[in-house]
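Input: a single structure, listed below in structure tokens.
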Number of protein chains: 4
Amino acid sequence: MQEYLNKIIEDNKKYIEYGALPEYIPELVKANKDALGMSVVSLDGKEYHAGDYQYKFTIQSISKVISLLLALEEKGEEYVFNRVGMEPTGDPFNSMIKLETVRPSKPFNPMINAGAIAISSMIEGRSSMGKVEKLLAFFRQITDNPDLTINENVYLSEKRTGDRNRALAYFMKDVGVIEKDVEGSLDVYFKQCSIEVTTRDIARIGAFLANNGVDLITGKSLVREKYIKIAKTFMFTCGMYNASGEFAINVGIPAKSGVGGGILATVPGQMGIGIVGPSLDEKGNSIAGVQMIRDFSEKYKLSIL
Amino acid sequence: MQEYLNKIIEDNKKYIEYGALPEYIPELVKANKDALGMSVVSLDGKEYHAGDYQYKFTIQSISKVISLLLALEEKGEEYVFNRVGMEPTGDPFNSMIKLETVRPSKPFNPMINAGAIAISSMIEGRSSMGKVEKLLAFFRQITDNPDLTINENVYLSEKRTGDRNRALAYFMKDVGVIEKDVEGSLDVYFKQCSIEVTTRDIARIGAFLANNGVDLITGKSLVREKYIKIAKTFMFTCGMYNASGEFAINVGIPAKSGVGGGILATVPGQMGIGIVGPSLDEKGNSIAGVQMIRDFSEKYKLSIL
Amino acid sequence: MQEYLNKIIEDNKKYIEYGALPEYIPELVKANKDALGMSVVSLDGKEYHAGDYQYKFTIQSISKVISLLLALEEKGEEYVFNRVGMEPTGDPFNSMIKLETVRPSKPFNPMINAGAIAISSMIEGRSSMGKVEKLLAFFRQITDNPDLTINENVYLSEKRTGDRNRALAYFMKDVGVIEKDVEGSLDVYFKQCSIEVTTRDIARIGAFLANNGVDLITGKSLVREKYIKIAKTFMFTCGMYNASGEFAINVGIPAKSGVGGGILATVPGQMGIGIVGPSLDEKGNSIAGVQMIRDFSEKYKLSIL
Amino acid sequence: MQEYLNKIIEDNKKYIEYGALPEYIPELVKANKDALGMSVVSLDGKEYHAGDYQYKFTIQSISKVISLLLALEEKGEEYVFNRVGMEPTGDPFNSMIKLETVRPSKPFNPMINAGAIAISSMIEGRSSMGKVEKLLAFFRQITDNPDLTINENVYLSEKRTGDRNRALAYFMKDVGVIEKDVEGSLDVYFKQCSIEVTTRDIARIGAFLANNGVDLITGKSLVREKYIKIAKTFMFTCGMYNASGEFAINVGIPAKSGVGGGILATVPGQMGIGIVGPSLDEKGNSIAGVQMIRDFSEKYKLSIL
């Protein structure tokens, strides 16, 4: 497999030039557009890494999967899904239209920005700081990486330029989806998005999901299997922004992308996959990364359908 | 005329029960739902008052006309209309849909909340306080009422519950329509909406507009005639929320309503009209007030078309 | 005035090149893009003509004003406005969005395509042919031009390519706004749009409106004054597609444009104006024509506000 | 299993009263609201039937899966997906909004009405009759039921009241998604929806999909495996109208419902499921049927995630 990973990276480098870095978060434009890396962690403990697998990038929207798991564990299904829906939207990730036009007014799912901000607002804790610490501890546990930290520059950049997310949050406060302090909730969200990772960390998250929420090292169940299933289903139906349907057909495994260029994917019962490639397509997904995982899925016949 | 005003009030009291007080601003629910008053100020200096013309209410959206005039005087047409459009929308006053779906993203006109908040953000001044003082001085001059002040309870109530307006403002900050501090701009907006008036004050604003921006007492021009014309046109095409078209057909004079129950109307070259009636119809206009001004316009054949 | 009309045409020819002919109706692309003409008919019987005032063009959306008058005369206000609203929309003339999103589902006003098709469906008559004959007779009477006919090529072209209008009509049939045969209603609509006129015909319609529905020659009232007022109000608030608000501010008189390049305008109590200039701006209005009428309105201070 | 199927039907009868028959197709209101039946066909050839499995109902939207397969076989992926997208929409099945607001204008997926009508317009054939015959032959082959026919009353009822679908079709004609005769395409669509089936037929379709397009009896491949995968993925992401996301989470297998009360489901490699229950929830899915398949999936742990 190691050889094949190297080949995949070489084969797909050509797509990088057709994408772009996301200009609306100034700090992200400083990323290395040419970076391309991939890691695979299988449930039998093997790890494969290729390309720029040591390249550090911020996790961004991939964090939505983890904060959803934490909110489900803390609040339960009923509380969470009374406030956030289960349906794909077909709209861009930062759209407000359905909040205004569909009754009752609640974000359609936890993978779009509105839904993810609502989820972050549910995390229990006395202060934003406390909530972030808890989230970070959860990330460290799942990735088995005690060194995970927040990239302060990216966090400050998102906070400074996050007015669209602020608009979403205040709208949800107005309709009662967010019950707490808006700025505090946004702070948790901006910080969780700014956690710095490598493809290895992402692949380990994927393996954790593939293993139904059981820690690969300790063998201890960290998240109820039922919630893992929910997270994987959202990844399958809405994980790749408004290209999720196309990805489901062409790749066929649960995945979640972030505008930092990362892609998390999971093959139930088999392995986790982490990819990085900061050059994005117009929907916000890593342009070369999507091709890489498509090749990988075809080669190993990973599609679940 | 005095007699006819008394009659109009009696005739239309019956509509009060079919309306309601606006529940989304808690302080406004404390209004006297049964109040009904009307003032007329003609350009030859005569004044007529009937019913609860001494009843105090907050000016709310009627203030949008005045802040537009001030912004035009301070910034000029080009600056203002590069950031706010000139078109009626057909949408509710607090809608966000067109901000997301129409390019370039700017509020359609200065009479909907988004447009009015953008206008308030343009007022020059070192601080929110300074801007509000300037606006208040302008209101006092136009109404010839040095005692106008802000109702602090209403202001605080709007500020506390103004999350939908906050959402609009942050969206506009994101797309560059609002260039300055969002919370400061909102503060100006919430305060201008909380100015406390009587129907006499409103009728004097109407007379000022009818007199093309010339102060009725001093004879001094306070606002360029061109800008007065712009304000009157907006009142005609978008002054009564998404019932503006119906009002233009049934009443036919420029008018602006507020959720405090007030209606400002102006008959070019003739008179200004102020009405109060806090019980609102579902579009947000004074339910009895609209009927009163309709009767009045028919009786004196005031329609401009 | 004759001299000034000539000057207006010369002054505004320069705008022609920035516009385009409407490509979605193949037959209209054959128009002479450089034509520019203007007629004024005053209520005291004087007529002024300049430029290509003998150029023949199809009336298109300007016909919506006349069919509205006929429907009001035949069916009355209540029937008409139970099925078509009174509000400007801010949307493009062929938009379907509000039909789907706003309850009850009815076209917002008679000046957008959906509303105009609904109005045409209300015209009484045994057959499409009979309805069209009646409409045509009404047009001939108002314009005092017994030679008005339908341009068969344009009609067939619109019928062949009118699928967007068909979509609007079937949607309205589904929600009960259109009660009769859809194809028959569309046939009336396509035919009324294909009536061939000159600027003189249009100016005479404007004079008829300025004269409150009284025939200039016979002195006989053809349409109730109340309905004329309704038509003029719609022209003012929604007559120039989604540039109506801007036109109201910059020009300030009731007007209606058509994609054939025509503009109808009326100055209450004074005169009617007809303009042609087939090169259109992106909203669908004659690009030079809008400038011409703006100059004209400023010169003679015609704005009603 | 037989016993369990009987139990499922008894357990879920209580939901019937909370649903309703679809009133917009008059002929469907004549259905037996209380009918409830279920069939399972496993790949090893076993069949289980319970309740009203002999009840005849029209296939409705379930036919969208089969017409998609036929269009893919005839035209190939590129042709099909140039005209119809791959994304879930979150909107009601008959929505037109995204056709107008998202560029390029094409239906988001083949499971909503717009997409399915576009798919039907692609079927090759000299006449509507010929296309329908071909579709019907394909249905008969897949279900191994040579007696399948069209319910003429339902077909005529849909044709007569199908104005919303007509609106969708003409809109698509206007933007070039439908290239052929609109009424002919609609005729194919209305007829395919009116094919009369039992749960056994539906379960056999599910088994055919579970068997990757290989006929269970002859062992012959009728549809390329790749296309079967595409169909199953659409069923998973958009098969249950705008409740697809919730169904994916709660049930977790590819399924497609129809307003005739049917539900088709497939468990890859294992079995096909057919359910009928004409009482529908507000999204248009069989209200008891959804509960039945949820119980069934939980009992046998069928979820693919």
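Picking from C:SER303, C:SER279, C:SER297, which residue would you name as being closer than 25 Å to C:PHE190 by Cα and at pLDDT 95 or above? If you could, list the steps in order and put the result at the bottom.
On the way: C:SER303 fails: closer than 25 Å to C:PHE190 by Cα; C:SER297 fails: closer than 25 Å to C:PHE190 by Cα.
Answer to the selection: C:SER279.
Can you pull out every residue in region C:235-254 that is at the interface with another protein chain (Cβ under 8 Å from one of its Cβ atoms) and on the phi > 0 side of the Ramachandran plot? Explain how you work it out, then say what you get.
Step one: of region C:235-254, the residues at the interface with another protein chain (Cβ under 8 Å from one of its Cβ atoms) are C:236-238, C:242-246, C:248-249, C:252, C:254.
Matches in region C:235-254: C:GLY252 only.
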Given (1) farther than 16 Å from C:GLU179 by Cα; (2) over 16 Å from the mean Cα position of the chain (by Cα); (3) in contact (Cβ under 8 Å) with a residue 60 or more places away in the chain; (4) more than 10 Å from every other protein chain (Cβ to nearest Cβ), where does C:GLY76 come up short, assuming only one miss? (3)
Name, by its number, the condition in (1) among the aliphatic types (A, V, I, L, M); (2) at pLDDT 95 or above; (3) closer than 30 Å to C:GLN141 by Cα that does not hold for C:ILE16. (3)
Taking the residues in region B:178-189 that are more than 12 Å from every other protein chain (Cβ to nearest Cβ) and surrounded by 24 or more Cβ atoms within 10 Å (Cβ to Cβ) as candidates, determine which candidate is nearest to B:SER39 (Cα to Cα). B:TYR189
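Within region C:1-30, track down each residue that is part of a helix (DSSP H, G or I) and among the acidic types (Asp, Glu). Can you show your working first?
Here is the first cut: in region C:1-30, the residues part of a helix (DSSP H, G or I) are C:2-18, C:26-30.
C:GLU3, C:GLU10, C:ASP11, C:GLU17, C:GLU27 - these are the residues of region C:1-30 that are part of a helix (DSSP H, G or I) and among the acidic types (Asp, Glu).
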Filtering region D:152-179 down to residues that are of a type in the set (A, V, I, L, M) and either over 23 Å from C:PRO26 (Cα atoms) or in contact (Cβ under 8 Å) with a residue 60 or more places away in the chain (or both) yields D:VAL154, D:LEU156, D:ALA167, D:LEU168, D:MET172, D:VAL175, D:VAL177, D:ILE178
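Check every one of the helices (runs of 4 or more DSSP H) wholly within region C:215-305 and list those with 1 or more residues that are in contact with a helix residue (DSSP H, G or I) (Cβ under 8 Å, 6 or more places away or on another chain) and closer than 22 Å to B:ALA255 by Cβ. Reasoning before the result, please.
Numbers: elements: C:225-238, C:244-250, C:287-299.
Result: C:225-238, C:244-250.
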Please name all residue pairs, on different chains or six or more residues apart, with Cβ atoms under 7 Å, provided the first residue is in region C:25-40 and is without any contact (Cβ under 8 Å) to a residue 40 or more places away in the chain and the second residue is surrounded by fewer than 24 Cβ atoms within 10 Å (Cβ to Cβ). C:VAL29/C:LEU21; C:VAL29/C:GLU23
For region C:115-138, which positions are free of Cβ contacts under 8 Å to residues at least 60 places away in the same chain and of a type in the set (Gly, Ala, Ser)? C:GLY115, C:GLY125, C:SER127, C:GLY130, C:ALA137
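For the structure I just gave you, tell me whether A:LYS33 is in the same structural domain as A:GLY262 (by TED's automatic domain parsing), part of a loop (DSSP other than H, G, I, E, B) and of a type in the set (D, E, K, R).
Working: in the same structural domain as A:GLY262 (by TED's automatic domain parsing): yes; part of a loop (DSSP other than H, G, I, E, B): yes; of a type in the set (D, E, K, R): yes.
Against the criterion (in the same structural domain as A:GLY262 (by TED's automatic domain parsing), part of a loop (DSSP other than H, G, I, E, B) and of a type in the set (D, E, K, R)), A:LYS33 qualifies.
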What tally of residues in region D:104-113 results from selecting those that are among the hydroxyl-bearing types (Ser, Thr, Tyr) and within 10 Å of chain A (Cβ to nearest Cβ)? 0
Of those in region D:190-202 that are in contact with a Gly (Cβ under 7 Å, 6 or more places away or on another chain) and over 14 Å from D:ILE66 (Cβ atoms), the residue surrounded by the most Cβ atoms within 10 Å (Cβ to Cβ) is D:THR199
If B:ARG103 satisfies all but one of (1) crowded, with 17+ Cβ neighbours inside 10 Å; (2) under 30 Å from B:VAL175 (Cβ atoms), what's the number of the condition it fails? (1)
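Identify, please: which residue in region A:26-66 is of a type in the set (Ser, Thr, Tyr) and over 19 Å from A:PRO268 (Cβ atoms) and is, among those, surrounded by the fewest Cβ atoms within 10 Å (Cβ to Cβ)?
So in region A:26-66, the residues of a type in the set (Ser, Thr, Tyr) come out as A:39, A:42, A:48, A:53, A:55, A:58, A:61, A:63.
Filter once more, so that each one left must be over 19 Å from A:PRO268 (Cβ atoms): A:53, A:55, A:58, A:61, A:63.
Values: A:TYR53: 24, A:TYR55: 18, A:THR58: 29, A:SER61: 25, A:SER63: 27.
Filtering region A:26-66 for residues that are of a type in the set (Ser, Thr, Tyr) and over 19 Å from A:PRO268 (Cβ atoms), the one surrounded by the fewest Cβ atoms within 10 Å (Cβ to Cβ) comes out as A:TYR55.
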Residue check for D:SER244: polar (S, T, N, Q), touching a Gly at 6+ places or on another chain (Cβ under 7 Å) and either at pLDDT 95 or above or closer than 20 Å to D:ASN212 by Cβ (or both): no
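If only one of B:THR143, B:THR149, B:THR101, B:THR89 is within 14 Å of another protein chain (Cβ to nearest Cβ), in contact (Cβ under 8 Å) with a residue 40 or more places away in the chain and of a type in the set (Ser, Thr, Tyr), which one is it? Spell out how you get there, then give the answer.
On the way: B:THR143 fails: within 14 Å of another protein chain (Cβ to nearest Cβ); B:THR149 fails: within 14 Å of another protein chain (Cβ to nearest Cβ); B:THR101 fails: in contact (Cβ under 8 Å) with a residue 40 or more places away in the chain.
Exactly one of B:THR143, B:THR149, B:THR101, B:THR89 is within 14 Å of another protein chain (Cβ to nearest Cβ), in contact (Cβ under 8 Å) with a residue 40 or more places away in the chain and of a type in the set (Ser, Thr, Tyr), namely B:THR89.
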For region D:264-305, give me the residue count where each residue is within 14 Å of another protein chain (Cβ to nearest Cβ) and without any contact (Cβ under 8 Å) to a residue 40 or more places away in the chain. 3
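Specify which of the listed residues (C:ILE217, C:ILE273) is surrounded by fewer than 24 Cβ atoms within 10 Å (Cβ to Cβ) and either touching a strand residue (DSSP E or B) at 6+ places or on another chain (Cβ under 9 Å) or not assigned by TED's automatic domain parsing to the domain that holds C:PHE93 (or both).
Details: C:ILE273 fails: surrounded by fewer than 24 Cβ atoms within 10 Å (Cβ to Cβ).
Step by step, each of C:ILE217, C:ILE273 is checked, and only C:ILE217 is surrounded by fewer than 24 Cβ atoms within 10 Å (Cβ to Cβ) and either touching a strand residue (DSSP E or B) at 6+ places or on another chain (Cβ under 9 Å) or not assigned by TED's automatic domain parsing to the domain that holds C:PHE93 (or both).
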Which numbered condition in (1) within 12 Å of another protein chain (Cβ to nearest Cβ); (2) without any contact (Cβ under 8 Å) to a residue 60 or more places away in the chain; (3) farther than 18 Å from D:ASP281 by Cβ; (4) within 21 Å of the chain's Cα centre (by Cα) is the only one that D:SER95 fails? (3)
If we scan region A:132-140, do we find a residue that is modelled with pLDDT of 95 or more and loosely packed, with under 15 Cβ neighbours inside 10 Å? yes
Going residue by residue through region B:242-250, is there one that turns out to be in contact with a Pro (Cβ under 8 Å, 6 or more places away or on another chain), under 20 Å from B:PHE138 (Cβ atoms) and buried (at least 24 other Cβ atoms within 10 Å of the Cβ)? no
Give me the residue from region C:156-177 that is more than 9 Å from every other protein chain (Cβ to nearest Cβ) and buried (at least 22 other Cβ atoms within 10 Å of the Cβ) and, out of that set, nearest to D:MET96 (Cα to Cα). C:VAL177
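Are there helices (runs of 4 or more DSSP H) fully within region A:51-130 with at least 2 residues that are closer than 30 Å to A:LYS13 by Cβ and modelled with pLDDT of 95 or more? List them.
Ranges flagged: A:63-83.
With the requirement that a residue be within 22 Å of the chain's Cα centre (by Cα) and aromatic (Phe, Trp, Tyr), what does region C:16-60 give you? Let's see the steps before the verdict.
Residues of region C:16-60 within 22 Å of the chain's Cα centre (by Cα): C:16, C:19-43, C:47-60.
Correct list: C:TYR24, C:TYR48, C:TYR53, C:TYR55, C:PHE57.
The values are calculated or read from the model by the stated rules, or taken from the named source; none is laboratory data. Small disclaimer: the values here were computed from a predicted structure and weren't measured. Positions of Cβ are backbone-derived with ideal geometry, glycine not excepted, and every protein chain shown enters the neighbour counts.
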